[in-house]
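The values are calculated or read from the model by the stated rules, or taken from the named source; none is laboratory data. Bear in mind that the values here come from a model prediction, so they are computed numbers and not experimental data. Here the Cβ positions follow ideal geometry from the backbone for every residue, glycine too, while neighbour counts run over all protein chains shown.
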Amino acid sequence: MSEEAIIRLEHVCRQYRRGSETVHALKDISFSLFPGDFVAVVGPSGSGKTTLMNLMGCLDRPSGGRILVHGREVQEESEAGLTRLRRTVIGFVFQQFFLIPTLNVLENVALPSLFTGKKQRERALNLLEKVGLSQRLYHLPGQLSGGEMQRVAIARSLINGPSILLADEPTGNLDSRNAERILELFERLNEEGMTLVMVTHNADLVKQCKAVVRIEDGAMVQA
Ligand code: ADP
Ligand code: MG
């Protein structure tokens, strides 16, 4: 028996209305992500990469085709069902770190947790150790470097134990040294079994991923 895909896209399209114009942001995309995958999504600006990540992450719904997350069809889920999927199955990391400036590092990481109290704190402490920030627990985001802020965001994305981590240009705001550090962290997470999808423009980072999905003008092309 073949292994179950975490996320499966079947002939997925996404159109946007822009005034009287229809933008075909994604056209007939089909592929599956399996446990342990580490995929780079590449392509020119405006080609549909973020649209694809938002669909895989259940932040958005397709205009056509089907998306299955752990075998469940996204289109058939209620808003509450989608929110639950998003919160339990998917971790998100963005180019902008979206940390809450008035909360310290530990609080930022513990915040999205489904658990409360001691367990939540312990989990946040473990994740912060994993991303190498045990020395920064009580710092505010404004007191951190960009690379450190992104590592806080990564720890936060893992607090609910997602099956998959989706990262949309996670190193876009970082220098090459810090970008390399984020990639090392992703590689380590992947070795431990995490499934990862990362949009990146950085050719050095792409080389280190296990597979590449190339998007051009809304369509998947041979990488
Ligand atoms: P990428 O991440 O590869 O730069 P996007 O997925 O952000 O590309 O965008 C793909 C296309 O869809 C672009 O032409 C963009 O202008 C358009 N687009 C994205 N989001 C919207 C939106 N909310 N409304 C209208 N057009 C959009
Ligand atoms: Mg984008």
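Is it the case that LEU125 is among the hydrophobic types (A, V, I, L, M, F, W, C) and free of Cβ contacts under 8 Å to residues at least 24 places away in the same chain?
On the way: among the hydrophobic types (A, V, I, L, M, F, W, C): yes; free of Cβ contacts under 8 Å to residues at least 24 places away in the same chain: yes.
Against the criterion (among the hydrophobic types (A, V, I, L, M, F, W, C) and free of Cβ contacts under 8 Å to residues at least 24 places away in the same chain), LEU125 qualifies.
Can you find a residue in segment 54-61 that is more than 16 Å from ligand 2 (Cβ to nearest atom) and farther than 20 Å from LEU196 by Cβ?
The first filter runs over segment 54-61 and keeps only residues more than 16 Å from ligand 2 (Cβ to nearest atom), leaving 58, 61.
Still in the running and farther than 20 Å from LEU196 by Cβ: 61.
Yes, that holds for at least one residue.
Report those helices (runs of 4 or more DSSP H) wholly inside segment 141-223 carrying at least 3 residues which are more than 16 Å from ligand 1 (Cβ to nearest atom) and closer than 20 Å to GLU129 by Cα. Outline the logic, then answer.
Details: elements: 146-157, 176-191, 203-207.
Hits in segment 141-223: 146-157, 176-191.
So LEU26 clears everything in (1) closer than 18 Å to PHE92 by Cβ; (2) within 13 Å of ligand 1 (Cβ to nearest atom); (3) hydrophobic (A, V, I, L, M, F, W, C) except one condition, right? Which one?
Result: LEU26 passes all but (1).
Hey, does segment 108-120 have a residue that's more than 26 Å from THR83 (Cβ to Cβ) and either in contact (Cβ under 8 Å) with a residue 12 or more places away in the chain or more than 21 Å from the chain's Cα centre (by Cα) (or both)?
No.
From the list LEU111, LEU165, LEU125, LEU137, pick out the single residue that is modelled with pLDDT under 90 and either farther than 26 Å from VAL41 by Cα or crowded, with 21+ Cβ neighbours inside 10 Å (or both). Let's see the steps before the verdict.
Numbers: LEU165 fails: modelled with pLDDT under 90; LEU125 fails: modelled with pLDDT under 90; LEU137 fails: modelled with pLDDT under 90.
It is LEU111.
Residue by residue, here is whether (1) more than 18 Å from the chain's Cα centre (by Cα); (2) of a type outside the set (Phe, Trp, Tyr); (3) at positive phi holds:
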{"site": "SER30", "(1), (2), (3)": "yes, yes, no"}
{"site": "GLY43", "(1), (2), (3)": "no, yes, yes"}
{"site": "GLY48", "(1), (2), (3)": "no, yes, yes"}
{"site": "LEU52", "(1), (2), (3)": "no, yes, no"}
{"site": "MET56", "(1), (2), (3)": "no, yes, no"}
{"site": "ILE67", "(1), (2), (3)": "no, yes, no"}
{"site": "LEU137", "(1), (2), (3)": "yes, yes, no"}
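Under 7 Å between Cβ atoms, at least 6 apart or on separate chains: pull out the pairs that start in segment 191-203 with a residue that is free of Cβ contacts under 8 Å to residues at least 40 places away in the same chain and end on any residue that is part of a loop (DSSP other than H, G, I, E, B).
ASN202/THR171
Name the pairs: first residue in segment 39-51 and in contact (Cβ under 8 Å) with a residue 12 or more places away in the chain, second residue among the basic types (Lys, Arg) and near ligand 1 (Cβ under 7 Å from one of its atoms), Cβ to Cβ under 9 Å, at least 6 apart or on different chains?
VAL41/LYS49; VAL42/LYS49; GLY43/LYS49
Which residues, counting only those in segment 62-112, are touching a helix residue (DSSP H, G or I) at 6+ places or on another chain (Cβ under 7 Å) and polar (S, T, N, Q)?
ASN108, the sole residue that qualifies.
Only helices (runs of 4 or more DSSP H) wholly contained in segment 26-118 count here; list those with 1 or more residues that are among the small types (Gly, Ala, Ser). Walk me through it before giving the result.
Values: elements: 49-56, 79-89, 105-110.
Hits in segment 26-118: 79-89, 105-110.
Checking the structure you have, find out if any residue of segment 175-182 is closer than 30 Å to HIS11 by Cβ and surrounded by fewer than 21 Cβ atoms within 10 Å (Cβ to Cβ). I'd like the intermediate steps shown before the answer.
Of the residues in segment 175-182, the ones closer than 30 Å to HIS11 by Cβ are none.
Looking for residues that are closer than 30 Å to HIS11 by Cβ and surrounded by fewer than 21 Cβ atoms within 10 Å (Cβ to Cβ), one finds none in segment 175-182, hence no.
Let's see how each residue does on (1) more than 12 Å from ligand 1 (Cβ to nearest atom); (2) without any contact (Cβ under 8 Å) to a residue 40 or more places away in the chain; (3) crowded, with 20+ Cβ neighbours inside 10 Å; (4) among the polar types (S, T, N, Q):
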{"site": "LEU9", "(1), (2), (3), (4)": "yes, no, yes, no"}
{"site": "TYR16", "(1), (2), (3), (4)": "no, yes, no, no"}
{"site": "SER32", "(1), (2), (3), (4)": "yes, yes, no, yes"}
{"site": "CYS58", "(1), (2), (3), (4)": "yes, yes, yes, no"}
{"site": "GLU77", "(1), (2), (3), (4)": "yes, yes, no, no"}
{"site": "PHE94", "(1), (2), (3), (4)": "no, no, no, no"}
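With respect to the numbered conditions (1) within 30 Å of ALA203 (Cα to Cα); (2) at pLDDT 95 or above, which one is the sole condition not fulfilled by CYS58?
(2)
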